[in-house]
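The values are calculated or read from the model by the stated rules, or taken from the named source; none is laboratory data. Small disclaimer: the values here were computed from a predicted structure and weren't measured. In this analysis, Cβ positions are derived from the backbone assuming ideal geometry, glycine residues included, and neighbour counts consider all displayed protein chains.
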Amino acid sequence: MGIMISAKSNEKVKALRALAQKKCRRERGEYLVEGVKMVREAILSGQTISLIAGLPETLALLPETAAERIAVTRAVYDSITDERNPQGVAAAVKMPVCPLAAPRGNALFLDGISDPGNLGTMIRTAVAAGFCEIYLADCADPYNPKAVRASMSGIYFAALYEGSAEALLKTVDIPLIAADMRGEDLFSFSPPARYAVAVGNEGRGLSDAVRARAAYTVGIPMRKEAESLNAAVSAAIMMYELSNRR
């Protein structure tokens with residue numbers, strides 16, 4: 001494995017640590033992936049990896065790859081991650097290039113999602129449900145470490161299109177189904193053959209621009225005692241219920 005790095009000031013360690021910052025991620029076109037499962041999946045799914053750092057015993061659990069590997073001490077590894085229960089390995093993964101394009105299948109349109117954890121969960125669920133084209137209108141950074149962790153490798157299999165609501169709405173050429181508790185009952189709604197599910201900000205909901213563009217407004221019925229559902233939960237219910245109507 002070579003020399004064990006014990007200095008937090010090591011240049012390669014600093015390069016990984018810097019990926020916690022959005023500015024650095026965007027400048028370098030890389031993001032941080034943490035944990036044995038996610039790093040292994042990055043290798044097996046053919047992601048471009050520039051560097052893997054970890055504890056020697058954790059690095060030994062990974063498949064072979066051409067990416068550079070460095071062994072670090074526990075103290076050095078803990079300086080790289082903000083995970084509460086760090087798993088001992090992290091990698092710098094190249095962001096895919098996704099030129100803005102119209103959806104080829106059903107899609108997810110996220111409008112102003114601000115919590116990285118919610119965003120990552122939505123990406124994970126969307127990929128699982130077959131909504132692999134995801135439009136991110138003024139959302140949190142999907143490459144934020146919290147979003148990446150919450151995506152549980154879903155981020156490797158999603159086409160993520162970022163931009164303003166105005167720009168993305170011009171590109172999405174299929175009907176929008178807006179999620180709103182005041183809309184038509186989801187469980188009796190008949191969707192068109194192709195569509196994009198639109199889910200809004202955790203607090204204010206969908207923006208006026210997205211509401212105006214929506215072809216349908218659909219809500220999840222709830223008991224009157226419940227104020228609302230978490231945005232990620234709403235997105236999951238909408239996608240799975242609508243996809244089962246095909």
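Being over 16 Å from the mean Cα position of the chain (by Cα), part of a loop (DSSP other than H, G, I, E, B) and more than 30 Å from V33 (Cα to Cα) is true of R245.
Yes/no matrix, rows are residues, columns are (1) touching a residue at least 60 places away in the same chain (Cβ under 8 Å); (2) part of a loop (DSSP other than H, G, I, E, B):
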position	(1), (2)
T58	no, no
P63	no, yes
A66	no, yes
R69	yes, no
D78	no, no
D82	yes, yes
Q87	no, yes
A91	no, no
V97	no, yes
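Here the stretch 96-118 is the region considered, the condition is being over 17 Å from G200 (Cα atoms) and in contact with a strand residue (DSSP E or B) (Cβ under 6 Å, 6 or more places away or on another chain), and the residue that is modelled with the lowest pLDDT is C98. Report whether or not K23 is within 30 Å of G205 (Cβ to Cβ) and basic (K, R). Taking the combined requirement at face value, the residue satisfies it. If I filter the stretch 126-148 down to residues being in a helix (DSSP H, G or I) and surrounded by fewer than 20 Cβ atoms within 10 Å (Cβ to Cβ), which single residue comes out as farthest from the chain's Cα centre (by Cα)? Here the residue is A128. Remark: pairs (first residue in the stretch 185-197, closer than 19 Å to A102 by Cα; second residue modelled with pLDDT of 95 or more and of a type in the set (G, A, S); Cβ separation under 6 Å; 6+ apart in sequence or on different chains) = A196/A107. If the condition is being surrounded by fewer than 20 Cβ atoms within 10 Å (Cβ to Cβ), among the hydrophobic types (A, V, I, L, M, F, W, C) and part of a helix (DSSP H, G or I), then the stretch 1-23 contributes A15, A18, A20.
Checked against (1) in a loop (DSSP other than H, G, I, E, B); (2) under 17 Å from the mean Cα position of the chain (by Cα), R104 passes all but a single condition, namely (2). Of all residues in the stretch 203-228, those satisfying the criterion of being touching a residue at least 24 places away in the same chain (Cβ under 8 Å), surrounded by fewer than 17 Cβ atoms within 10 Å (Cβ to Cβ) and of a type in the set (A, V, I, L, M) are A209, A215, M222. Of all residues being assigned to a helix (DSSP H, G or I) and not basic (K, R) in the stretch 24-42, which is nearest to L55 (Cα to Cα)? Just the residue, please. Going through the qualifying residues, I end up with V36. Consider the stretch 174-202 and keep the residues that are more than 13 Å from S243 (Cα to Cα) and surrounded by fewer than 13 Cβ atoms within 10 Å (Cβ to Cβ). The one that is modelled with the lowest pLDDT is R182.
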